[in-house]
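J.: Supplied in structure tokens, the structure appears directly below.
The values are calculated or read from the model by the stated rules, or taken from the named source; none is laboratory data. Fair warning: this is a prediction, and the values are worked out from it, not measured in the lab. Counting neighbours? That spans all protein chains shown, and the Cβs are built from the backbone with ideal geometry, glycine included. What goes into the accessible areas is simple: the full protein's heavy atoms, side chains included, and nothing from ligands, DNA or RNA. Shrake-Rupley method; radii C 1.70, N 1.55, O 1.52, S 1.80 Å.
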Amino acid sequence: MRLDKFLKISRIIKRRTVAKEVADKGRIQVNGKLAKSSTDVKVGDQLRIQFGNKVLEVAVEELHESTKKDDAAKMYRIISETRVENNGN
């Protein structure tokens, strides 16, 4: 499954266009490698996503073509969530 589609369906990022933008700006890594929006995501992959001053690391648990809101969180497991301090440098 494409990275941008996974992020949208799992509701980590609400809109696919936003997911594509974030990926294309180099803010997402899949298994430690920079990823584009078209990168293929598989069960077991680890994603590292940078949102402004927050870094979210998740493991892909399930892949679905579509999902209900309640089931979306089952598609991934949060490994860590850290805040990045911005000192203005």
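J.: Output needed for the stretch 45-89: three equivalent-ellipsoid semi-axes, defined as square roots of 5 times the C-alpha gyration tensor eigenvalues, in descending order, whole Å.
T.: 27, 11, 8
J.: Let me ask something additional. SER66 versus ASN53, label points 7 Å from Cα toward the beta carbon: distance in nm?
T.: Label-label distance for SER66 and ASN53, simple model: 3.9 nm.
J.: Given points 7 Å out from each Cα along the Cα-Cβ axis, report the LYS42 to ARG11 separation in nanometres with one decimal.
T.: Between LYS42 and ARG11, the simple spin-label model gives 2.9 nm.
J.: For the chain, what does the helix formula give at 222 nm: sum of -39500 (n - 2.57) over DSSP H segments with n ≥ 4, over the residue count, nearest 500 deg cm²/dmol?
T.: -5500 deg cm²/dmol
J.: Further question on the same structure: Can you check what the net charge comes to around ARG15, using other residues whose Cβ is under 12 Å from the Cβ of ARG15 (Lys, Arg +1; Asp, Glu -1)?
T.: Net of charged neighbours comes to +4.
J.: Please identify, among ALA73, ALA19, ALA35, the residue showing maximal mean-square fluctuation in a Gaussian network model of the chain using a 10 angstrom Cα cutoff.
T.: Its mean-square fluctuation being the largest, the pick is ALA73.
J.: Stretch LYS33-ARG77 to full length: gain in nm at 0.36 nm per residue minus the Cα-Cα span?
T.: 13.9 nm
J.: Roll a 1.4 Å probe over the protein chains and send me the accessible area per residue for the chain in Å².
T.: Accessible surface, normalised per residue, equals 66 Å².
J.: Top to bottom by accessible area (1.4 Å), largest first, where do PHE51, PHE6 land?
T.: Solvent-accessible surface, decreasing: PHE51, PHE6.
J.: Under a Cβ-only charge scheme (Lys and Arg +1, Asp and Glu -1), can you give me the dipole magnitude of the chain about the Cα centre, in debye to the nearest 20?
T.: 300
J.: Further question on the same structure: For the chain, what % of the accessible area comes from carbon and sulfur atoms, probe 1.4 Å?
T.: That fraction is 45 percent.
J.: Moving on to the next point. Give a quick list of GluC sites (Glu not before Pro) in the chain that DSSP marks as loop, anything other than H, G, I, E or B, with at most 16 other Cβ atoms within 10 Å.
T.: The qualifying sites are GLU61, GLU62, GLU65, GLU85.
J.: Ok, one more. Mean-square fluctuation check for the chain, GNM, Cα pairs under 10 Å: which of VAL41, VAL55, VAL22 is largest?
T.: VAL55
J.: A follow-up question, please. Can you return the lysines within cross-link range of LYS74? Criterion is Cα-Cα under 21 Å, with same-chain partners fewer than 8 residues away left out.
T.: Straight-distance partners of LYS74: LYS5, LYS8, LYS14, LYS42.
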